[in-house]
1. Quick one: is Gly68 touching a residue at least 60 places away in the same chain (Cβ under 8 Å) and over 23 Å from Gly205 (Cα atoms)?
2. Answer yes or no: is there a residue in the stretch 65-78 that is closer than 25 Å to Ser101 by Cβ, in a helix (DSSP H, G or I) and out of contact with any Leu (no Cβ under 8 Å at 6 or more places or on another chain).
3. So, restricting to helices (runs of 4 or more DSSP H) that lie completely within the stretch 1-63, which ones have at least 1 residues that are crowded, with 24+ Cβ neighbours inside 10 Å and either of a type in the set (Gly, Ala, Ser) or free of Cβ contacts under 8 Å to residues at least 40 places away in the same chain (or both)?
4. Do you know which of the residues in the stretch 147-189 that are under 26 Å from Ile112 (Cα atoms) and either at pLDDT below 95 or among the small types (Gly, Ala, Ser) (or both) is surrounded by the fewest Cβ atoms within 10 Å (Cβ to Cβ)?
5. Considering the stretch 85-129 alone, what residues qualify as being in a helix (DSSP H, G or I), over 19 Å from Val65 (Cβ atoms) and of a type in the set (Gly, Ala, Ser)?
6. Can you find a residue in the stretch 32-55 that is hydrophobic (A, V, I, L, M, F, W, C), at pLDDT below 95 and more than 11 Å from the chain's Cα centre (by Cα)?
7. In the stretch 175-194, how many residues are in contact with a Lys or Arg (Cβ under 6 Å, 6 or more places away or on another chain) and in a loop (DSSP other than H, G, I, E, B)?
Amino acid sequence: MFTERETVEKVEKMKVCTCLNPLHTALAVYGCLLGYQKISDEMKDAELKKLVKTIGYVEGLPVVVNPGVLDPKEFIDTVLNVRIPNPFMPDTPQRIATDTSQKLAIRFGETIKAYQASPELDVKDLKLIPLVFAGWLRYLMGVDDEGNKFELSPDPLKDTVCPYVAGLELKEGQDVEAAVAPVLKMTQIFGVDLYEVQMADVVCGYLKELTAGPGAVRATLKKYV
């Protein structure tokens, strides 16, 4: 399609901030935790498929600016039903998890800001975007849902953020907020201070459940997705 710059920018924002890239990041984080090696295989997973469908259609779509030349809902339809499940696109969650600290602000933070700016929407209604944030913090432990270590993908802030989760284990009763509170305030990561937007408690609650023991990631997904 040939069109003017303004429309191109609207399409790009639709894709990057709502209709594709956030869904990829959600699958990347949880795919690594659940031992997946292909993004396409994750779309056969009931919880992960519902996770990205809800983030796309329910949480993201209300704040999308329709660029006119493409329908945002039809775009998500194609992403979820054609592109991501395509086994001939052998993309991996490990590759997409690269530089996640640089991606969260644009892929999710812009949606949070749009909710803040809207008189009809409430940030407190966002349930699964904070679950992705909690999943990323759980991912930073470098331990999968079975308790096996895995190598984190490259990230320029890895040495900055990983020490905050270094003391966490897969067990119940931990004070996860005391560990990660400084990270939740980092606007350069999330695009917003999660305490200021009243999302920090939700993220910490999820993280506490995600770290409760082996199998807790799957159990948490089943519970909330």
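The values are calculated or read from the model by the stated rules, or taken from the named source; none is laboratory data. Everything numeric here is computed off the predicted structure, so don't read it as measured data. Counting neighbours? That spans all protein chains shown, and the Cβs are built from the backbone with ideal geometry, glycine included.
1. yes
2. No, the stretch 65-78 contains no residue that is closer than 25 Å to Ser101 by Cβ, in a helix (DSSP H, G or I) and out of contact with any Leu (no Cβ under 8 Å at 6 or more places or on another chain).
3. 21-33, 46-53
4. So the residue we want is Ala178.
5. Narrowing the stretch 85-129 to residues in a helix (DSSP H, G or I): 93-96, 100-117, 123-125, 129.
This time we only want the ones that are over 19 Å from Val65 (Cβ atoms), so: 93-96, 100-104, 124-125.
Matches in the stretch 85-129: Ser101 only.
6. Within the stretch 32-55, none of the residues are hydrophobic (A, V, I, L, M, F, W, C), at pLDDT below 95 and more than 11 Å from the chain's Cα centre (by Cα).
7. First, pick out the residues of the stretch 175-194 that are in contact with a Lys or Arg (Cβ under 6 Å, 6 or more places away or on another chain): 176, 193.
Then drop every residue that is not in a loop (DSSP other than H, G, I, E, B), which leaves 193.
Total meeting the criteria: 1.
Let's see how each residue does on (1) within 28 Å of Leu157 (Cβ to Cβ); (2) among the small types (Gly, Ala, Ser):
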{"site": "Arg5", "(1), (2)": "no, no"}
{"site": "Ser40", "(1), (2)": "no, yes"}
{"site": "Val52", "(1), (2)": "yes, no"}
{"site": "Tyr57", "(1), (2)": "no, no"}
{"site": "Leu104", "(1), (2)": "yes, no"}
{"site": "Ile112", "(1), (2)": "yes, no"}
